[in-house]
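Some notes on the structure that comes next.
The values are calculated or read from the model by the stated rules, or taken from the named source; none is laboratory data. Fair warning: this is a prediction, and the values are worked out from it, not measured in the lab. Neighbour counts run over all protein chains shown; Cβ positions are idealised from the backbone, glycine included. Each accessible area value is taken on the protein alone, full model and side chains, heavy atoms only, with ligands, DNA and RNA left out. Shrake-Rupley method; radii C 1.70, N 1.55, O 1.52, S 1.80 Å.
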Amino acid sequence: VRPVAVTGIGQTRHAAKRDDVSMPGLVREAIRRALDDAGLDWTDIDAVVMGKAPDLFEGVANPELFLADAIGAVGKPLLRVHTAGSVGGSTAIVGTHLVGSGVHDRVLVIAWEKQSESNAMWALSQPFPFQPPVAAGAGGYFAPIIREYITRTGAPEHIGWLVAVKDRLNALHNPYAHLQLPDITVDTVRASPLLWDPIRYLETCPSSDGACAVVLAAQPTGNNRPAWVHGTAMRTEPMLFAGRDEVSPAAGAQCARDVFAEAGCTPADIDVAELYVPFSWYEPMWLENLGLRASGWRAVDAGETARTGSLPINASGGVLSSNPIGASGMLRFAEAALQVRGLAGAHQIDRARLAMGHAYGGGSQFFATWIVGSERP
Amino acid sequence: MRPVVIAGVANTAFVAANPDLDETEMVEEVTRKALAEAGLQRSDVGFVCSGSSDWVMGRAFSFVQALEGVGAWPPIRESHVEMDGAWALYEAWLRLQHGDVDVAVVYAYGRSSYGPVDDTLTLQLDPYTTKPLEPDPLSLAALQARLLLDRGHATEADFAAVVAAARGLDAASLLQAPHASSPLRAHDAPFRTDGAAAVVLRVGTTGGPRIAGIAHLVDSHHLGLRDLGDSASTRNAAARAGGTAGVEVAELHAPYSAQVTLLARALGLGPEVRVNPSGGALVADTPMVSGLMRIIEATRAVRAGARVALAHASTGPCLQHNLVCRLEAS
């Protein structure tokens, strides 16, 4: 297997409603930026991998088919990945394997969601046969799991508020971020309505329209410095059985062990990370699950995950600031790569050499991670 | 590339409606049988990849529950494509090239009985330009059939002969039926079914047909931007997959009879090639499974003595996206 370079990254401006663009227009906005970054044009791409979450979100079945023309895939291989919320990460990993295996030299991966075309709450709440309907969307599903984390660890309730404020202030340095909340404070988070105990309104992610595109190549392309993929991993576990620990899923922990083993490094080597945190409490939960910190909430409380801390998490503003669901995972992978390329702009973290991107989906059961570095492995 | 063989295959019975098995049960059945055929245990599996469609199943994240049937504990390396299982097999083949795992399980499942499949397929059309016209799949296939007639590439009797061969019927009497969407008749359409199928891939050169080549390409979506009387993506994918030289059996994923003629012509298959001895999609067409079934039937053809078999999978309106897999006896 040969090394894979991340040579182009593009994303859209994320917003609740991108009424100014069609679905093809949305994905092309991200792809054009990625191609420009990579110094490539449409015809330089050998294959395309598209990822997005449920097609019910836009009301189009298999939209990769009608988008084939707009994304420059005509006459090329086109794969469509769907692994729930982790799909953006999984899509990047499939693209990495296409290049690493030698099947193709330059692969475009694109992940997107145009949530304003439909109602995500409806699409997420379709009943499963033979099961009691939850009909509460993602927040209702994850709230009891967060409560269990608090009960187990004795974490004080302000931890979630700290993360909510940190990520929104980080987003002020990211021109693509959906939410721009310059006045947010712990007090405004605490005063915001309780949606699903213990999750308050300002502790949740938005619903966004947006896309992210990444060019993966066997050699550096263009004039910008590439990131190098040091390791990738995907792990899955079932949603429904009594032996699961939903607070710290075995699949998440195994996925982290896999990716560190493939990258040949340890959690202590990671300079920055972009973790999939759709509800504030998931930052401390993932810090522990991935082995990045023994006590996630103490690390948050001590400011270790702030831009100035020892392990900045979600310097981009994260999912809490932009959440085009199908693209959210790829945005984590892409932002990790931007950091080690030194191209993260106003939210660049100094001396970022090794970064982790992370995504999860389903009922905390699908995991995708990669570790990218500034040096060729 | 690391050499990969098809070590085990399995499928459920394909029936118009199977309310007795839920998707989890179907997946459990086919993955268990395919592993048994390969002489492998679940603990031997290094990667799992599946293909299915939320719109076909009528709910978001439908693959999540089906996953329970494959036994995802302890946590497995796993992925899913919102495509026919043939593309899941492609991703699994790719994953085996990474070098760290040697066995992959692929499965796909689908239902025709959960809702009108024609309506679901219409949702694949460009929502801005084509979907508002609501062209149904039979009428779209009829556009292709008309081109074959106009160019002198086929006659209506050829279409009837394809159906007669697949279903064991009399071609002359089939031609007496009225057109449903001229020049196609109701019997030119696929027989829609429920079911699931699984394949076990293993790195190596023995123990089953060898994947000599696998490739897929997509054509333009827009019906006016490609030649509907041809399939350039099928022909080019076949070339990338090692060509058609020596092919004895071809399993073509052609839901409509005229598409068998079209694909055989696009691939340049001669009269010596046995096309769709299984009957193809005209006897069992399960959404998201039918393409993977062509690879399974080609596998069985090689096991039965063919030295080279070609499997083809298709998706999208008028055969937009095509995959070709060349299997050779190991």
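For the reader, a short list of remarks on this structure follows.
- Qualifying residue in region A:311-331 (condition: within 23 Å of A:His158 (Cβ to Cβ), more than 14 Å from chain B (Cβ to nearest Cβ) and more than 14 Å from the chain's Cα centre (by Cα)): yes
- When we screen B:Val45, B:Val56 for residues that are β-branched (Val, Ile, Thr), under 20 Å from B:Pro209 (Cβ atoms), open to solvent by 10 Å² or more (accessible area, probe 1.4 Å) and in contact (Cβ under 8 Å) with a residue 12 or more places away in the chain, the only hit is B:Val45.
- From A:Gly309, A:Gly345, A:Gly317, A:Gly357, residue being in contact (Cβ under 8 Å) with a residue 40 or more places away in the chain and surrounded by fewer than 24 Cβ atoms within 10 Å (Cβ to Cβ): A:Gly345
- Selection within region A:77-89: residues that are within 7 Å of chain B (Cβ to nearest Cβ) and modelled with pLDDT of 95 or more. The member of this set that is farthest from the chain's Cα centre (by Cα) is A:Pro77.
- Of everything listed in (1) more than 14 Å from every other protein chain (Cβ to nearest Cβ); (2) more than 26 Å from B:Ala38 (Cβ to Cβ), the single unmet condition for B:Thr315 is (1).
- For region B:213-228, the candidate set comprises residues that are surrounded by fewer than 20 Cβ atoms within 10 Å (Cβ to Cβ) and more than 10 Å from every other protein chain (Cβ to nearest Cβ); within that set, the residue that is nearest to B:Val324 (Cα to Cα) is B:Gly213.
- The strands (runs of 3 or more DSSP E) falling completely within region B:218-330 that include 2 or more residues that are under 13 Å from the mean Cα position of the chain (by Cα) and of a type in the set (S, T, N, Q) map to B:308-315.
- When region A:183-193 is limited to residues that are in contact with a helix residue (DSSP H, G or I) (Cβ under 8 Å, 6 or more places away or on another chain) and open to solvent by 40 Å² or more (accessible area, probe 1.4 Å), the one that is farthest from A:Gly140 (Cα to Cα) turns out to be A:Thr185.
- Residue match in region A:221-231 (condition: open to solvent by less than 10 Å² (accessible area, probe 1.4 Å), touching a helix residue (DSSP H, G or I) at 6+ places or on another chain (Cβ under 7 Å) and within 14 Å of chain B (Cβ to nearest Cβ)): yes
- Failed item in (1) over 23 Å from A:Pro54 (Cβ atoms); (2) facing chain A (nearest Cβ under 10 Å); (3) not aromatic (Phe, Trp, Tyr), with B:Arg42 passing the rest: (2)
- B:Ala34 vs. criteria aliphatic (A, V, I, L, M), more than 9 Å from chain A (Cβ to nearest Cβ), open to solvent by less than 10 Å² (accessible area, probe 1.4 Å) and within 17 Å of A:Asn62 (Cβ to Cβ): no
- Any hit, region B:213-222, residues being over 22 Å from B:Thr122 (Cβ atoms) and either free of Cβ contacts under 8 Å to residues at least 40 places away in the same chain or touching a Phe, Trp or Tyr at 6+ places or on another chain (Cβ under 7 Å) (or both): yes
- Of the helices (runs of 4 or more DSSP H) lying entirely inside region A:183-293, those containing at least 2 residues that are touching a residue at least 40 places away in the same chain (Cβ under 8 Å) span A:250-263, A:282-289.
- Checked against the criterion of being open to solvent by less than 30 Å² (accessible area, probe 1.4 Å), in contact (Cβ under 8 Å) with a residue 12 or more places away in the chain and of a type outside the set (Gly, Ala, Ser), the candidates B:Thr244, B:Thr205, B:Thr193 yield just one match: B:Thr193.
- Only one of A:Gly59, A:Gly51 that is open to solvent by less than 10 Å² (accessible area, probe 1.4 Å) and within 24 Å of the chain's Cα centre (by Cα): A:Gly51
- Which listed residue, of A:Ala5, A:Ala61, A:Ala68, A:Ala92, is under 22 Å from B:Gly99 (Cβ atoms), touching a Leu at 6+ places or on another chain (Cβ under 8 Å) and within 14 Å of another protein chain (Cβ to nearest Cβ): A:Ala92
- Residues of region A:106-132 that turn out to be modelled with pLDDT under 95 and among the β-branched types (Val, Ile, Thr), as a count: 0
- Only one of the listed residues (B:Val163, B:Val103) is touching a residue at least 60 places away in the same chain (Cβ under 8 Å), among the aliphatic types (A, V, I, L, M) and in contact with a His (Cβ under 7 Å, 6 or more places away or on another chain). That residue is B:Val163.
- Check on A:Val74, among the β-branched types (Val, Ile, Thr), closer than 24 Å to B:Leu125 by Cα, at the interface with chain B (Cβ under 9 Å from one of its Cβ atoms) and in contact (Cβ under 8 Å) with a residue 40 or more places away in the chain: no
- Among the criteria (1) open to solvent by 10 Å² or more (accessible area, probe 1.4 Å); (2) more than 23 Å from A:Leu331 (Cβ to Cβ); (3) touching a Pro at 6+ places or on another chain (Cβ under 8 Å); (4) assigned to a helix (DSSP H, G or I), the one A:Arg152 does not fulfil is (3).
- Residue-level check: of (1) in contact with a Cys (Cβ under 6 Å, 6 or more places away or on another chain); (2) open to solvent by 10 Å² or more (accessible area, probe 1.4 Å), A:Met330 misses just (2).
- Count of region A:246-256 residues which are within 19 Å of the chain's Cα centre (by Cα), over 18 Å from B:Ser79 (Cβ atoms) and open to solvent by 40 Å² or more (accessible area, probe 1.4 Å): 1
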